[in-house]
Amino acid sequence: MNLKVPKKTNSFLVWSFNDIVMVLLPLWLLCLISEFRYAPIDSFFAAPFYLSENNWFGSGSFFFSAILHKGGKYVAVAVAASSLILFLLSYLKKFARLRPYRKVCLYVTLSISACALIISGLKSLSASQCPWSLPQYGGSGSAGKCFPAGHASSGFCLFAVYFAFRQLQFKKAWIFLILAFVLGWILGLGRQAQGAHFLSHTFATMFLDWAICALFYRLFFFPKALVKIRQKPISALSYCLITAFSLTFIFNLPFFSKACSALKFSFSDLWLLAVCAFILFSAFFTVLRLLNYSFLIKVFSLFFTVCAAGAMYFNYQYGTIINSEMMRNALATDTAEAAELLTAKFFLEFAFLCLPQLYLTFFVPIKHSSFVRGIFQALVGLVIGVCFLMLNFQGVSSLIRSEPVLRNLISPVNVFSGTYKAVFKDGSTEVDAPRIVIDPKPTLGASHKNDKGTLFIVVVGETARLANWGLAGYSRDTTPQLRARNVIPFSKTISCGTSTDVSLPCMFSRIGRDRYDRDRILKEESLLPILQRAGINVFWVDNQSGCKGVCKGVPSLSISKTKAPSLCSGSRCYDEALLAGINTSEILKPGKTTVVFMHQLGNHGPAYSKRYPKNFEVFKPVCTDEKLNNCSREEIVNAYDNAILYTDHFLAGVIDWLKGLDGFDTGLLYVSDHGESLGENNMYLHGAPELIAPKEQKEVPMLLWLSKGFEQKFGLNDVCLREQAKADTSHDQLFSSLLGILDVKSSVYDQNKDFSAVCRKSNS
């Protein structure tokens with residue numbers, strides 16, 4: 001063995017690309033795994049080891065328990081102890097020949113010791129559960145201290161031996177690198193086979209041990225090195241390969257997570273995942289390499305990364321699926337809503353995700369490459385991708401067909417596709433063009449031929465789901481005040497969509513979800529102009545992000561913050577402020593019918609705790625963090641339920657206000673625009689594509705309250721209405737039902753979609 005004592009060198013006096021890769025990149029990957037762990041991927045790779053009811057493949061096995069579990073750690077102990085002994089012997093005259101290796105021996109001892117201490121310290125601080133403690137594997141659900149993997153460190157810490165021989169300029173130092181890698185994974189997989197760790201735990205340990213050994217290597221042998229970055233140019237090929245690898249295996253973790261949840265561990269499914277990875281990698285590489293010029297490669301690489309990082313963050317934090325619907329929501333979001341989502345934590349994590357690519361963009365020059373070479377390399381990448389696709393075309397197509405949501409998880413393609421459809425294809429709710437008049441001559445029925453005025457309030461709720469609605473049988477009575485006011489609750493109502501941008505235009509359109517055509521909905525007038533043209537005074541008052549084109553041509557009432565200063569803070573007001581926007585002396589006239597549409601802020605997430613005053617915080621503890629994965633599900637649900645309680649209070653207050661209007665027949669209809677996910681199947685918020693949208697996002701509450709005078713005036717039977725409310729309804733019935741309840745004769749009225757039709761006496 002040819003060992004040489006290294007001479008002093010200044011080659012590492014600056015931080016080079018190698019230093020960044022050796023020390024900082026592994027630490028970044030460690031932090032990535034710590035923050036963005038995807039349970040389906042871990043579960044997929046745990047499946048082959050799990051047998052049944054907390055019975056694991058390695059349980060009770062002598063090999064796994066005695067040799068790997070107990071014996072494996074002694075390898076690192078033996079190496080560290082040997083290095084320490086050699087270090088001490090070097091001070092004896094008899095072993096003077098060991099003096100040149102003194103520093104190397106000390107480095108190995110301290111590096112291995114540091115790995116052991118740091119890993120143990122992190123495990124003691126961790127609250128991560130072991131597989132065997134999880135209920136899905138027959139465990140009790142008790143908290144564990146299983147992150148990162150301790151025993152795997154006994155192998156990975158031998159990276160120090162590799163660096164030691166590298167410093168000694170041993171030509172085959174790479175052998176020890178491989179040995180450390182193999183031993184680490186053997187020990188890691190051994191503990192995974194016993195149900196003690198997940199795959200992500202072992203990866204985290206590998207990156208951490210490497211970073212520790214690499215950092216100690218630099219500090220030991222190049223202690224006077226300046227922290228200054230100097231980087232030689234790399235080839236365009238290398239740059240594109242690195243970026244494509246990052247986009248595929250880091251920013252498409254949501255894609256692979258969903259794919260893993262849809263597959264079962266087998267050789268064929270492993271091969272399918274590998275094929276998907278190669279296809280994505282080849283596609284990203286081909287696109288980047290076709291750009292050819294270093295400036296374009298850098299600009300587009302950074303742009304792709306920024307878009308993918310944003311998509312990854314929102315998918316991980318809220319289970320958000322990026323499609324055209326979600327992009328329309330994003331484009332329609334007001335500044336207050338955006339501020340609740342774009343928190344300091346978002347920008348920190350977003351910047352963290354972009355750090356490696358930022359370094360590549362601004363500090364790593366790209367060598368000039370000929371146009372022909374760039375095209376050739378791009379074509380090679382394309383051919384490789386196509387070949388992998390053809391190798392398992394049936395498997396890939398079957399996976400995409402069975403899990404269509406996967407298409408919306410390929411980043412940053414989902415961002416580009418969703419934005420294009422939202423802006424150029426699907427249309428905007430705020431189009432200025434005149435809307436098509438669908439009924440030029442609606443008229444008022446005979447019910448309106450008296451001197452007594454009418455006021456009907458339509459409250460459009462926000463993000464209230466039926467599952468947490470007290471009147472619908474929820475275990476908590478979140479609607480006590482409405483129950484006391486004898487309202488007519490509907491058993492179940494299905495929303496037009498899972499977002500305001502879809503539901504709001506749809507629910508007041510004659511088209512509805514059954515015949516959903518977004519372009520047509522946005523081109524035609526809504527219900528409101530028809531009511532107005534018939535002779536009804538129609539107003540819109542908003543505490544949200546606008547009417548999405550529904551109130552076009554209709555007067556809007558503004559919330560008066562001066563009249564209700566206690567209800568407003570900054571740009572946000574509690575829903576009770578909606579009443580402050582109504583001046584009855586201006587909008588109510590004797591003998592006239594007035595309809596006011598109120599658009600609530602309601603339960604809009606993720607800041608549920610900001611939707612109600614402090615005195616409505618009945619259910620505790622509550623989540624006060626917009627980053628929902630920082631809260632327990634109990635805290636999230638508690639905050640959400642408190643917001644429902646406040647909606648109950650608000651609606652009860654509107655009813656009491658209506659009761660107090662002497663000389664007017666009054667009524668109220670409340671219906672939410674869509675529901676909300678509160679952590680079911682690791683999904684939060686709303687806006688899920690229709691194909692995969694859970695019932696929690698589609699089933700919403702609806703209720704009706706009518707004064708006795710209103711019932712008599714419009715010939716409505718209370719008992720009959722309550723019976724009708726037991727049947728399932730949908731947003732599709734709102735258009736004709738409101739025309740019917742308000743006795744407006746229209747050519748676009750559909751009796752089959754009027755839940756009140758059978759409960760009305762003829763007033764003709």
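Observations
- For residue 51, distant residues with modelled amide H under 5 Å away: 56, 57
- Cysteines in the chain lacking any other cysteine Cβ under 4.7 Å from their own Cβ: 31, 105, 213, 240, 260, 276, 307, 354, 387.
- Per-residue Karplus couplings for the range 727-739, computed as 6.51 cos²θ - 1.76 cosθ + 1.60 with θ equal to phi - 60°, are listed in order as 7, 5, 10, 8, 4, 4, 8, 5, 3, 6, 5, 5, 4 Hz, Gly and Pro entered as x.
- Each part reduced to its alpha carbon centroid, the range 532-593 and the range 363-426 end up 48 Å apart.
- Cα-based equivalent ellipsoid, the range 28-101: semi-axes from gyration tensor eigenvalues, Å: 42, 21, 7
- Charge tally in the Cβ shell below 13 Å around residue 446, where Lys, Arg are +1 and Asp, Glu are -1, residue 446 excluded: +4
- The antiparallel fraction among DSSP beta bridges confined to the chain stands at about 40%.
- For residue 232, a cut-off of 20 angstrom between C-alpha atoms picks up these aspartates and glutamates, skipping any fewer than 8 places away in its own chain: 19.
- Counted by neighbouring Cβ atoms within 10 Å, the residues 97, 515, 572, 611 run from fewest to most as 97, 515, 572, 611.
- C-alpha long axis of helix 393-402 to longest principal axis of the chain, angle in °: 40
- Computed [θ] at 222 nm, deg cm²/dmol, the chain (DSSP H ≥ 4; -39,500 (n - 2.57); rounded to nearest 500): -14500 deg cm²/dmol
- Put in line by how crowded their Cβ is, counting other Cβ atoms within 10 Å and starting with the fewest, 361, 584, 463 read 584, 361, 463.
- Whole-angstrom gap from the range 460-479 to the range 99-154, using each part's C-alpha centre: 46
- Contact order relative to length of the range 29-181, as percent, for alpha carbon pairs under 8 angstrom and 6 or more apart: 20
- Shape metrics for the range 688-754, restricted to C-alpha atoms - Rg then Dmax, Å: 14.6, 45
- Residue order, fewest to most surrounding Cβ atoms within 10 angstrom, among 174, 132: 174, 132
- Shape metrics for the range 257-426, restricted to C-alpha atoms - Rg then Dmax, Å: 18.0, 50
- For the range 69-79, backbone phi angles converted through the Karplus equation (6.51, -1.76, 1.60; θ = phi - 60°) give residue-by-residue couplings of 5, 8, x, x, 5, 6, 5, 5, 4, 5, 5 Hz, Gly and Pro being listed as x.
- Here the convex hull built on the C-alpha positions of the chain has a volume of 195 cubic angstrom per residue.
Read-outs throughout are calculated quantities, based only on the coordinates presented, and are distinct from any laboratory measurement. Bear in mind the structure is a predicted one, so any value in this text is a computation, not a measurement. Note that each Cβ is placed from the backbone with ideal geometry, even for glycine, and that neighbours are counted across all protein chains shown.
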